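Participant: Take this structure first; my questions come after.
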Amino acid sequence: MSRPLTPLGLAVLRLLADEQMHPYEMQQRIREHAIDHVVKVAHGSLYHTVARLAEHGLIEPVETSREGRRPERTVYAITEAGRDEARARLREFVMRPAQEYPCFGMALAFVSMLPPAEAATLLDRRTVDLEAKLAAHDSVVDSLINQGHSRVSVIEVEYLNSRLRAELDFVRALSEDIKSRRLDWRPPNGENGENE
């Protein structure tokens with residue numbers, strides 16, 4: 001492949017390693033199995049990814065059918081080259097941490113532009129959102145386990161939850177440090193920072 005296999009491409013190959021299916025089924029499985037919690041799936045990107053994988057010989061069409069007035073549906077299967085590429089890319093993802101640029105890290109780099117009281121309030125609001133996400137993810141894990149899925153099929157959500165819990169602990173502690181004035185709040189370039 002000319003470009004490395006994307007996370008969505010890897011997800012498609014993983015689904016097809018289990019069984020042949022058409023893109024609409026893939027989209028449903030991605031939602032059902034909470035893959036969209038760990039892989040960005042923008043509108044139309046799944047179909048583009050499927051076309052790209054087929055173009056590179058990593059998947060192949062095995063059947064095309066039409067039901068009534070519905071559009072034609074092509075069922076795809078993974079090829080041996082697709083299995084090899086998926087395993088190679090998966091090894092890289094597991095072995096090597098990628099440099100990521102999360103928006104929250106960027107926001108923290110510039111948080112001193114805000115008055116301390118506002119920053120603490122915004123962090124408190126973030127804790128509510130994090131708590132809600134944790135509850136939702138726990139519900140997804142419980143639901144999938146109750147449906148008979150093995151733990152290995154939900155470890156990505158467990159990983160997300162551990163990251164969310166760590167972030168929640170950090171955000172709570174940071175908010176408390178701001179409120180108790182344990183955090184030195186000096187805005188850049190001599191701005192008049194309100195130490196509220």
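The values are calculated or read from the model by the stated rules, or taken from the named source; none is laboratory data. Every value quoted in this text rests on a predicted model; they were computed, and no experiment measured them. Glycine gets a Cβ as well: all are built from the backbone with ideal geometry, and neighbour counts include every protein chain shown. Side chains are part of the model used for accessible areas, which takes the heavy atoms of the whole protein and leaves out ligands, DNA and RNA. Shrake-Rupley method; radii C 1.70, N 1.55, O 1.52, S 1.80 Å.
Participant: Restricting attention to the range 83-125, which GluC sites (Glu not before Pro) occupy a DSSP loop and are surrounded by at most 16 other Cβ atoms within 10 Å?
Facilitator: Within the range 83-125, the qualifying GluC sites (Glu not before Pro) (loop, at most 16 other Cβ atoms within 10 Å) are E100.
Participant: Trypsin sites (Lys or Arg not before Pro) within the range 31-89: which are DSSP loop residues with at most 12 other Cβ atoms inside 10 Å?
Facilitator: Working: sites: R31, K40, R52, R66, R69, R73, R83, R87, R89; in loops: K40, R66, R69.
Counting only loop positions with at most 12 other Cβ atoms within 10 Å, the trypsin sites (Lys or Arg not before Pro) in the range 31-89 are K40, R66, R69.
Participant: Follow-up. Can you find, among A107, L123, A86, the residue farthest towards the positive end of the dipole of the range 61-196? Put +1 on the C-beta of Lys and Arg, -1 on that of Asp and Glu.
Facilitator: Towards the positive end, the residue furthest out is A86.
Participant: While we're here: Extending each Cα 7 Å along its Cβ direction at R125 and S150, get the distance between those two points in nm, one decimal.
Facilitator: Rounded to a tenth, the inter-label distance reads 4.4 nm.
Participant: With a sphere of radius 9 Å drawn around the Cβ of T64, what net charge do the other residues whose Cβ falls strictly inside it have (Lys, Arg +1; Asp, Glu -1)?
Facilitator: Net local charge, T64 excluded: 0.
Participant: When each pair of different Cα atoms in the range 69-134 is counted once in the 1/r mean, what is the Kirkwood radius in angstroms, to one decimal?
Facilitator: 16.9 Å
Participant: Suppose each label sits 7 Å from its Cα in the direction of the beta carbon; what would the T6-E32 distance come out to in nanometres?
Facilitator: Label at T6, label at E32, 2.4 nm between them.
Participant: Please work out the C-alpha center-to-center distance from the range 17-51 to the range 122-139 and express it in whole Å.
Facilitator: 26 Å
Participant: What does the charge add up to near V41, with Lys and Arg as +1, Asp and Glu as -1, over the other residues with Cβ less than 15 Å from its Cβ?
Facilitator: +1
Participant: Right, here's the next one. Can you send over the carbon and sulfur percentage of the accessible area for the range 1-76, probe radius 1.4 Å, protein chains only? Walk me through the intermediate numbers first.
Facilitator: Details: 2100 of 4670 Å².
That fraction is 45 percent.
Participant: Here is a follow-up. Can you compute the modelled spin-label distance between V62 and C103, with each label point 7 Å from Cα toward Cβ, in nm?
Facilitator: The two pseudo-label positions are separated by 3.9 nm.
Participant: So how strong a dipole does the range 4-163 carry about its Cα centre when Lys and Arg Cβ are +1 and Asp and Glu Cβ are -1, to the nearest 20 debye?
Facilitator: So the magnitude is around 180 debye.
Participant: Relative contact order for the range 59-196: what percent, with Cα pairs under 8 Å and sequence separation of 6 or more?
Facilitator: Worked out over the range 59-196, it gives 27 percent.
Participant: Connecting C-alpha atoms closer than 10 Å in a GNM of the chain, tell me which of P116, P102, P23 has the biggest fluctuation.
Facilitator: Residue with maximal mean-square fluctuation among P116, P102, P23: P102.
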